[in-house]
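A quick write-up on the structure given underneath.
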Amino acid sequence: MVIGVVRNIMEKLRLVIGTHNGIFHIDETLAVVIMELAFPDCSILVVRSRDASVLSTCDVVFDVGGGIYDHHSVGFNIRRPTGELYASAGLAWREHGEKVIRNIAAKLGAYLTDEDVKAIKEEIDHQVFLPIDMEDNGEKMSTHLFSSISYFLPSWLEEQDFDSAFMQAESSARETLYQIVKTMVSKHASKYYLEERFSSATDGILEIPAQTMPWKENIVTYNKDHDNKVKFVIFPYPDGGWAAQCVPPSMEKEFDQLVSFPAEWAGVDLKTLRTVSGISDAIFCHRGRFFVRAASKESVIKMCRIAMKAA
């Protein structure tokens, strides 16, 4: 018996996950990752073996053993509504994806509806797990977000320690999947934050809490149905001070601006910018005229107002 990853050993609950030993693939690696993210309060033990007596002691087994999660079994024919066969990763996501999403949303303090959770689950299945499952089932090869996992396999020039390599691959895949889900949760949760604040977008300027908030699509949608359009978002800049960014007219013209910053500001040095703008603490204006920085919130608001007046 080969025992791999042990996590959270001080927790009260324990989950034993089985998969095959030897060369590993992304589908069973991600299946293990999904279980870890779905049951973060469990002490998780991963057992890598092909011995039926060993696998029979596991709570769940992926990619081997003939059970529900072994897509190599004779007669296996579990398919998506669109017709593609599942593999271990997709099956695990089908069963536990919503729990993973809810756990990460709770950790972030993000509000999501049941419809949001289902939409995120389906989007990630399509973007992430479908190409992985198709690859493992020999239906279609393509580059996907986890293609690099194969790099963790030991080369023929090294000791063939597949168990240590699996642990490294699993750790990398877990962090990557967490970040993917986190990004999707952030995108869906941002619409509720913005909806509550559209009414406070005075003079076409809306304050958001961070530059990393996904705002474009929601604001563009809002602008389609309202005359008091949001033309700029402002936010605290990570390196200090404040920044403002122009809102595009549509997602098809994402790199255009409803209102651009003045042409004479574009890409000039600090001294020139402060002179031509009249803003004593102005810091930067992108040569594309869609982004500015200043030392204070009041100043970036002034820069936005100057741009609207000049438009």
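Nothing in this text is a laboratory measurement; each read-out follows from the coordinates by a stated rule. In this text, all values refer to a predicted model and were calculated from it rather than measured experimentally. When we count neighbours, we look across all protein chains shown, and the Cβ atoms used for this are built from the backbone with ideal geometry, even at glycine.
What is the magnitude of the charge dipole of the chain about its Cα centre, with +1 placed on the Cβ of each Lys and Arg, -1 on the Cβ of each Asp and Glu, and no other charges, expressed in debye to the nearest 20? Mind showing how you got there, number by number?
On the way: 33 positive and 43 negative charges, 308 e Å.
With Lys and Arg at +1 and Asp and Glu at -1, about 1480 debye.
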task = Between the alpha-carbon centers of the stretch 48-81 and the stretch 281-308, tell me the distance in whole angstrom.
result = 59
Of C304, M35, I208, farthest towards positive along the dipole that unit charges on Lys, Arg, Asp, Glu beta carbons give the chain = C304
query = Among the lysines, which fall within straight-line cross-link reach of K216, defined as a Cα-Cα distance under 20 Å, with same-chain neighbours fewer than 8 residues apart omitted?
reply = K182, K187, K191, K224, K229, K231, K253
remark   = Volume per residue (Å³) of the convex hull spanned by the alpha carbons of the chain is 186
ask   = Residue by residue, what Karplus-based ³J(HN,Hα) values in Hz, rounded to whole numbers, does the stretch 221-230 have, using 6.51, -1.76 and 1.60 with θ = phi - 60° and x for Gly and Pro?
value = 5, 4, 4, 4, 10, 9, 7, 7, 5, 7
request  = Quick one: dipole size for the stretch 78-163, taken about the Cα centre, charges +1 on Lys/Arg Cβ and -1 on Asp/Glu Cβ, in debye to the nearest 20.
outcome  = 380
query = Given G22, N103, V128, which one lies farthest toward the positive end of the charge dipole of the stretch 2-192, if we put +1 on the Cβ of every Lys and Arg and -1 on the Cβ of every Asp and Glu?
reply = N103
ask   = In straight Cα distance, which aspartates and glutamates are under 12 Å from K297, not counting same-chain residues fewer than 8 positions off?
value = E207, D281
ask   = Relative to the longest principal Cα axis of the chain, at what angle does helix 162-195 sit, 0 to 90 degrees, rounded to 10?
value = 40
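Please give the contour-minus-distance gain from T275 to D203: 0.36 nm per residue of separation, less the Cα-Cα distance, rounded to one decimal in nm.
23.5 nm
Could you tell me whether the stretch 198-310 comes out rounded, prolate or oblate from its Cα gyration tensor? Rule is a ≥ b ≥ c as square roots of the eigenvalues, rounded for a/c under 1.5, then prolate if a/b exceeds b/c, otherwise oblate.
It comes out prolate by the Cα gyration axes.
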note = For the stretch 2-192, the charge dipole (Cβ of Lys, Arg +1; Cβ of Asp, Glu -1; about the Cα centre) points to a positive end, and the Cα of L85, H188, S171 closest to that extreme belongs to H188
S73 versus M251: modelled label distance in nm, points set 7 Å from Cα along the beta carbon direction = 4.0
